[in-house]
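The block underneath contains the structure these notes are about, expressed in structure tokens.
The values are calculated or read from the model by the stated rules, or taken from the named source; none is laboratory data. This one's a predicted model, so the numbers in the text were calculated from it and none came from an experiment. Note that each Cβ is placed from the backbone with ideal geometry, even for glycine, and that neighbours are counted across all protein chains shown. Surface areas here come from the heavy atoms of the whole protein model, side chains and all, with no ligands, DNA or RNA. Shrake-Rupley method; radii C 1.70, N 1.55, O 1.52, S 1.80 Å.
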Amino acid sequence: MMNFNVNGKAYQVDVEPEMPLLWVLRDHLGLTGAKYGCGISACGSCTVLVDGAAVRACGVRAGELAGKKIVTIEGLGQDGLHRIQQAWIDHQVPQCGYCQTGLIMSVAALLAKHPKPTDADIDRDITNLCRCGTYPRVRAAIHALAGD
Amino acid sequence: MTTTQTTMKRRDFLKVSATAAGALALEFCLPVATARAAPQAGVTEVNAWIVIHPDDRVVIRIARSEMGQGTFTALAQLVAEELDCDWAKVSAEFASPNEHIRRNRIWGSMSTGGSMGVRTSQDYVRKAGASARAMLVGAAGRRWNVPAAECLADRGIVTHPPTGRKLRYGELAAEAAKIPPPQDIKLRDPKDWKIAGKPVHRLDIPDKVMGKPVFGVDVALPGMLHASIAQCPVFGGKLKNVEAKDALAMRGVKNVVKQGDFVAVIADSWWRADQALQKLDIEWDEAGHGGIGNAEIDAMLRQGLDVTGLPKARETGNVDAAFADVGQVAKVIEAEYASPYLHHATMEPMTCTAWFKGDGSLEVWTSTQDGEAALHEAAAASGLPPERIEVHKMMLGGGFGRRGFPQDFVGQGVKIAKAMPGVPVKLMWSREEDMRHGYYRPASLVRMKAGLDQQGRLVALRAKAACPSILKALIPRAMRDGIDFTAVLGLADMPYTVPHQRVEYAVRNGHVPVGFWRAPGQQNGFYRECFIDELAHAAGQDPLAYRLAMLAADDKDRLILEATARAAGWGTPPPPGQHRGLAVMSGFGSFAAAVAEVSVSATGQLKVHRVVVGVDSGHVVNPDTCRAQAESNVVYGLGPVLYQEINIRNGRVVEANFNNFRLPRIAEMPKVDTVLAPTGGFWGGHGEPAILPVAPAVCNAIFATTGKRVRSLPLSHHELRRPDSA
Ligand code: FES
Ligand code: FES
């Protein structure tokens, strides 16, 4: 049995320590907000927060998470919409939406570190792939969140 | 009756029609007896498209699929516009494919592709809205005992102005449903639109930002198992032998399914299934294709170009005589252009969940661009009659043509679940499987020959294209006299007034599967518009002026090119260090042009700073979604320019994942300025047209910057370093 703290709740799951966090979340905890896109930490669709940092859930193993606080898109806005989600609606960011939960979590980590990110900060930290090409709106929404 | 249906071949149900504009209408028609849907308690179906709740909430049923393009919202806007309901109370849901066939295909086409969602259903969805409105007004008239003509409908309320009486749609729906639909329906002039034509917020976005389970891969059912699949890596091959002992002994593994050209492992989580899949010892029969690589494919295409007497897609004037006559052709310019196979790479891999239930029925959940085609595929794979199958259409994590036709992943999902009767099984392809089992954009090779007169005017043009034919591979009877119109798009329908033209096509289908990749034929835009740019430079003329001189005053290509060039400031100095290139091309019912601003560093680093992209789609149903589609097309078009390619070695695809099939990131994304310039009078698409001019505009700008003419993509094979740099 392994213990996880996800979105402020304690979970006990019978999984092997090598199982990537992504599959613990999706198939064992029923939290499907984090998506599988590549499984090799290349796309960011599976991004969640681990102790506040953006982490690609496909690249971190269940056994590495003891005592760590995991936040997924389902737990981002505790009482309804998080301000990033609201900005995403205001700027009509998503198209297919598949990569968006990962993007939103990456942006949450970016804004926690840099409340007023420059374009260079965005280019460096937001490396998530979006096949639909929502990038111009992602950038605009981040700047709006920073009050630019 | 049902046996005949299920044993009929897929193509018997496939209805194909090519429209004048070169669009391909592709849809499945399953012949099934008419039946009415069971009414839902408490709510009223006014007609197939519109359900009204007592509290005035309106649910609009959408037959096309939502893959990010915004059709879900745009079609709802068109219905709501004519219905005159309160947009704030509108929600939308997907129409049921099962109900669709039981009700004699009541929702028209479910096929989603070719940028056709709005343009080919706008008429009947608007009529559905207008008809329901008339029925609601009629019901109010009956209730008040006044002529319907004296009543007005607005924002979900019917009023009788002479007496000031009012009734809400929610109060009228049940009676309205009993009124016969009107025969004569007059649709509103777009200039009077109140809901359509406006940048209303998309209906699907709130769920998408919350991470609510909406995609095919997110399906969760009680007791559901998961499957990972390995398909024969060499196209056309099949399974020879599998040693599954080790895999079957692994934790959580329930079954190993062997079928034709694939093997799948079923387990209690996808990761466990996939881990076990890696442990299988698989022997494939490569069908003799194991020796084919890029070189063999290139040779196949090149051989096509050397053949004489190819089928002609266009013949105007007398090309041979013009080239032979020095009085007409003073200068001949020839060039060869090429591009590789490309993969769709939807962010959500192919997926299908299937559940053979105890009562002999089958339920399927999938991300499909055609719910009806998915239903038919499920019927063929299960042996069940379509009436016993329901397909639940999920949101698509991207489609771009991959999830339209064929529905291979649905057939697999059904066959895999069949091995576990009574248990739902969710199949999801790994990214590597997805990358290596696509229906790729055809690789192609085009040879162009132009004759210019003394003044540099283009008087004769010959284009010979060699590439695999999507239609021959997937829908052979849609070929016309040896021509696949998707292979000659932009060449056979070139808008420039050139007196002598010939376009020939060599069908060369290898063993690599080809399919409809966003804007099929769009590589021809790169060839044609870069070659025209070459001619403009050879003639010593401005690329815009050169094109305009060959476009009639009222030509819509001309209008969108002018509008886009104006918005981009063509003719004014570009930002320091940058150069501009432009292109125009029409397709998918619309007209599109682009101006790219790029710079190339001394070390050869390309930066695309800005793309101004213009689209004339006749009418615009949601300007914000149309802008989003233009932005999407810019980045989708940029990847193949920069680095995307699918290479073949040993009969299989070399690329495996996003590490070697790269997608542009936010840092590489240019600024996009979208020019929506609808000229009215027609309905064009938005999902694809804007991609058409992107690659040539960027490559023409590269020429303006470096003097290097890029004639094959991607750029990763080219050295852009400026000759003057050390
Ligand atoms: S699935 Fe984890 S980065 Fe792509
Ligand atoms: S919105 Fe579709 S992949 Fe990003």
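Structure data summary
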{"item": "Elements of type strands (runs of 3 or more DSSP E) contained in the stretch B:215-265, each with 2 or more residues being open to solvent by 70 Å² or more (accessible area, probe 1.4 Å) and under 17 Å from B:Ala419 (Cα atoms)", "result": "B:253-259"}
{"item": "Single match in A:Val107, A:Val24, A:Val55 (criterion: buried (at least 17 other Cβ atoms within 10 Å of the Cβ), farther than 15 Å from B:Lys208 by Cα and within 16 Å of ligand 2 (Cβ to nearest atom))", "result": "A:Val107"}
{"item": "Elements of type strands (runs of 3 or more DSSP E) contained in the stretch B:555-619, each with 1 or more residues being of a type in the set (Phe, Trp, Tyr) and at pLDDT below 95", "result": "none"}
{"item": "Unique residue being polar (S, T, N, Q), away from ligand 2 (no atom under 16 Å from the Cβ), on the phi < 0 side of the Ramachandran plot and in a loop (DSSP other than H, G, I, E, B) when the list is A:Gln86, A:Gln78", "result": "A:Gln78"}
{"item": "Residue match in the stretch A:72-81 (condition: within 16 Å of ligand 1 (Cβ to nearest atom) and modelled with pLDDT of 95 or more)", "result": "yes"}
{"item": "Search result, residues across the stretch B:111-127 that are out of contact with any Lys or Arg (no Cβ under 7 Å at 6 or more places or on another chain) and assigned to a loop (DSSP other than H, G, I, E, B)", "result": "B:Ser111, B:Gly113, B:Gly114, B:Ser115, B:Met116"}
{"item": "Filtered residue count, the stretch A:116-148, keeping only those that are open to solvent by less than 20 Å² (accessible area, probe 1.4 Å), in a helix (DSSP H, G or I) and touching a residue at least 12 places away in the same chain (Cβ under 8 Å)", "result": "4"}
{"item": "Matching residues, the stretch B:309-353, being closer than 30 Å to B:Arg431 by Cβ and part of a loop (DSSP other than H, G, I, E, B)", "result": "B:Pro340, B:His343, B:His344, B:Ala345, B:Thr346, B:Met347, B:Glu348, B:Pro349, B:Met350"}
{"item": "Lone unmet requirement of (1) of a type outside the set (Lys, Arg); (2) closer than 19 Å to B:Gly401 by Cβ; (3) part of a helix (DSSP H, G or I) for B:Asp624", "result": "(2)"}
{"item": "Subset of the stretch A:17-34 [in a loop (DSSP other than H, G, I, E, B), away from ligand 1 (no atom under 16 Å from the Cβ) and within 7 Å of chain B (Cβ to nearest Cβ)]", "result": "A:Gly30"}
{"item": "Qualifying positions in the stretch B:383-404 - open to solvent by less than 10 Å² (accessible area, probe 1.4 Å), more than 14 Å from chain A (Cβ to nearest Cβ) and either within 23 Å of B:Asp434 (Cβ to Cβ) or not in a strand (DSSP E or B) (or both)", "result": "B:Pro386, B:Val391"}
{"item": "Residue match in the stretch A:98-115 (condition: outside the structural domain of A:Tyr11 (by TED's automatic domain parsing), in a loop (DSSP other than H, G, I, E, B) and under 16 Å from the mean Cα position of the chain (by Cα))", "result": "yes"}
{"item": "Unmet requirement for B:Val710, which otherwise passes all of (1) part of a loop (DSSP other than H, G, I, E, B); (2) farther than 30 Å from B:Glu286 by Cβ; (3) open to solvent by less than 10 Å² (accessible area, probe 1.4 Å); (4) in contact with a strand residue (DSSP E or B) (Cβ under 7 Å, 6 or more places away or on another chain)", "result": "(4)"}
{"item": "Residue ID - farthest from ligand 1 (Cβ to nearest atom), chosen from residues in the stretch A:35-51 that are assigned to a loop (DSSP other than H, G, I, E, B) and out of contact with any Gly (no Cβ under 7 Å at 6 or more places or on another chain)", "result": "A:Asp51"}
{"item": "Residue match in the stretch A:70-80 (condition: more than 9 Å from chain B (Cβ to nearest Cβ) and over 19 Å from A:Gly8 (Cα atoms))", "result": "no"}
{"item": "Qualifying residue in the stretch B:333-352 (condition: in the same structural domain as B:Ser712 (by TED's automatic domain parsing), surrounded by fewer than 19 Cβ atoms within 10 Å (Cβ to Cβ) and charged (D, E, K, R))", "result": "yes"}
